[in-house]
Amino acid sequence: MAGGARRWAAAGYELFTGVNVPSKAFGEVVEHRCGTPHMSAAELKRRVDAGEEVLIVDSRPIGEFRNMSIPGAFDCPGAELVYRVPDRVPSPDTLVVVNCAGRTRSIIGAQSLRNAALPNPVVALENGTMGWELASLELARGREDALPPPSPEGLRRARVLADKVAERFALKRIDDATLARFQNEAEQRTLYLFDVRSPEEYVGGHLEGARSAPGGQLVQATDVYMATRNARIVLVDDDGVRAVMTGSWLVQMGCPEVYVLGGGLGGRQLVPGMPKPVIPELEKTAVATISPAELQGLIEKNQATVLDLAPSLAYEAGHIPGAWFAVRARLRQSFHRLPKRRVLVLTSTEGALARLAAAELNDRDSSEIRVLDGGTASWKNAGLPLTTGREAMADTPDDCWRRPYDPYAPPDARERYLKWEVELIRQVEREGDTGFRVSA
């Protein structure tokens, strides 16, 4: 685009900051138009302490739940709510409170149950776990409590609720022949075939060509999963609930062609495992590699400098002791900061990024250039130690968007983030071109 983002802004159009903006803005619009009720952290704590019948469900993936959760909550990622919650609320009087870390998944989760006409009172926890902490309440850490899959009766109830949602939002179901036609036309019309079950279920067996996109995360992060606007989207599950609930939100986000594969996975040939991404240039890159054991020997002799090109968040979470961090896009500027040793070993999370960067350094250094075979993951899998934090920084770690509760975030990050989320609805109104079609 001529003139880039600056010219866009100069022409009077909106520029947005942050990540997952389409989904987060959508969540704010949903709350506004649907009147999704919310409850403060203090009020929820009062009700729990008073012994009232409350079910708290956390709509984030289990990894996020494990890091921090509301005491007494159960993990139940967004698209799983209508699938699993009916079994846990035999009484229609039980209050259901849906939370996430901030706002979006709380709102979408609570409104999902309301759209499905769950007979219980349902509210979103205002500002999620961040709001809980800002109310000076303590979060739980390391919990694994998740709602189990539904019983046969629970699944029957969930399907009844989902069928009503499918009818309300006119979700279209397609057969194998139509899917095959879409796949044959994919060169002319982008097709996304998403398996909206959990990653573990996907690994156990999925349709050839389907991508893992747990439904709650797909709605939460459309910018991560769908690069092409107005593409065809086909959703797959094995229960007739999760694909429908996911699809109902994509339709309201303005996606013009959203389909559910009829019949789920029953009777279809499945393939196990998680497919590796195809990186065409990787096959053309000839580099010398080194094994974890060989690298350990060089490190012990002080003969190797390790350069980690993983995203800064991954580096901070775990890297080879003594490894230096650099941003791949600014590798040349960082190079002079590295200590000179006989061998320079590049690594990254799985090794692919390091292999692609190796050729760039071959003409920049008198050291031997090697790439750690399999990346830092292979080092870890070999039983070798990792260390955390910002140990050796050859560049500024500004390559990633950082969550408000990141250990390196400023003290007021939570307040600023929540204010940003709430303000998105005003930006959306000024933009006026989102395509959202929220049904109140």
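The values are calculated or read from the model by the stated rules, or taken from the named source; none is laboratory data. Keep in mind it's a predicted model, so treat the numbers as computed, not measured. No Cβ is skipped: glycine too gets one built from the backbone with ideal geometry, and neighbour counts run over all protein chains shown.
The sole residue among 252, 296 that is assigned by TED's automatic domain parsing to the domain that holds residue 235 and in contact (Cβ under 8 Å) with a residue 60 or more places away in the chain is 252. Here residue 349 passes the criteria (1) at pLDDT 95 or above; (2) assigned to a helix (DSSP H, G or I) except the one numbered (2). Return yes or no: is residue 240 more than 30 Å from residue 432 (Cβ to Cβ), at pLDDT 95 or above, part of a loop (DSSP other than H, G, I, E, B) and within 24 Å of the chain's Cα centre (by Cα)? It is false that residue 240 is more than 30 Å from residue 432 (Cβ to Cβ), at pLDDT 95 or above, part of a loop (DSSP other than H, G, I, E, B) and within 24 Å of the chain's Cα centre (by Cα). The residues on offer are 382, 377, and the sole one that is more than 27 Å from residue 336 (Cβ to Cβ) and free of Cβ contacts under 8 Å to residues at least 40 places away in the same chain is 377. If you take the residues of region 162-206 that are among the β-branched types (Val, Ile, Thr) and part of a helix (DSSP H, G or I), which of them is surrounded by the fewest Cβ atoms within 10 Å (Cβ to Cβ)? Checked region 162-206; the qualifying residue surrounded by the fewest Cβ atoms within 10 Å (Cβ to Cβ) is 203.
Evaluate region 418-430: report whether one residue or more is outside any helix (DSSP H, G or I) and surrounded by 13 or more Cβ atoms within 10 Å (Cβ to Cβ). So far as region 418-430 goes, no, none of its residues is outside any helix (DSSP H, G or I) and surrounded by 13 or more Cβ atoms within 10 Å (Cβ to Cβ). For region 10-45, the tally of residues that are farther than 18 Å from residue 423 by Cα and part of a helix (DSSP H, G or I) stands at 6. Restricting 426, 390 to those that are under 30 Å from residue 104 (Cβ atoms) and free of Cβ contacts under 8 Å to residues at least 24 places away in the same chain reduces the list to 426. Among the conditions (1) touching a residue at least 24 places away in the same chain (Cβ under 8 Å); (2) under 30 Å from residue 340 (Cα atoms); (3) in a helix (DSSP H, G or I); (4) not hydrophobic (A, V, I, L, M, F, W, C), the only one that residue 247 does not satisfy is (2). Does residue 79 satisfy being under 19 Å from the mean Cα position of the chain (by Cα) and either over 24 Å from residue 440 (Cβ atoms) or outside any helix (DSSP H, G or I) (or both)? Taking the combined requirement at face value, the residue does not satisfy it.
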